[in-house]
Amino acid sequence: MADLKSLVRTIPDYPKPGIMFRDVTTLFGDAQGFKATIMRMAEPWRGEPIDAVAGIEARGFILGGAVADRLGSAFVPIRKKGKLPWKTIGQEYTLEYGVDAMEIHEDAIAPGARILIVDDLIATGGTAEAAAKLVRRSGGNIVGAAFVIDLSEIGGRKRLEDMGIRCETLMAFDGH
């Protein structure tokens, strides 16, 4: 099995000086690495009844769809505001320089459905926290959250765990 961490490209000073951007597209571009990533992301949840995987736009769609397939679950897209064609519910979240919002269709999650949240990376946890709030407002029960990368020094994982959400990650990187 591939050393998955070695397949993640690091781009210094992107999108601004001092940031070490962790690019998972190189991991996705390696067939065996991508297959191993999906297998490893799904494995901790095999014993859990999961009704749907909620993937956060955009890389969370790639991962979430594949994990949902592996678990035999439905897939729910969590999109940026204004991108879904039906009635939606939204949740604002804070960015470093402002506020953004994400949405799901109001009928995407059945009351009581067991949901796994998936994205490529957790940093501050703001996006994942907003996704969790959307799932809960929709009546879903969060089984957990799965990420490829944890930027452990930033504290997003702890933020979700403080909300009572179990988090699984495949690897951690220090720094921003």
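Values quoted throughout were computed directly from the atomic coordinates according to the rules given, and no laboratory measurement underlies them. Because the structure is predicted, anything quoted here is derived from the model rather than measured. Cβ: placed from backbone, ideal geometry, glycine included. Neighbour counts: every protein chain shown.
Considering only DSSP beta bridges where both residues belong to segment 48-173, give the percentage that are antiparallel (nearest 5). Expressed as a percentage, antiparallel bridges in segment 48-173 total about 30.
With a Förster radius of 41 Å applied to the C-beta separation of V99 and E48, the computed FRET efficiency comes to 0.80.
Shape descriptor for the chain: Rg over Rh equals 0.95 (Cα atoms; Rh from the Kirkwood inverse mean 1/r).
Over the C-alpha atoms of segment 74-176, the Rg to Rh ratio, Rh being the Kirkwood estimate, stands at 0.96. Take the Cα of D13, step 7 Å toward its Cβ, do the same at A172, and the gap between the two points is 2.9 nm. With Cα atoms as the point set, the radius of gyration and Dmax of segment 53-111 evaluate to 12.3, 39 Å.
Site pair N141 and M163 shows an inter-label distance of 1.8 nm when each label is modelled 7 Å from Cα along Cα→Cβ.
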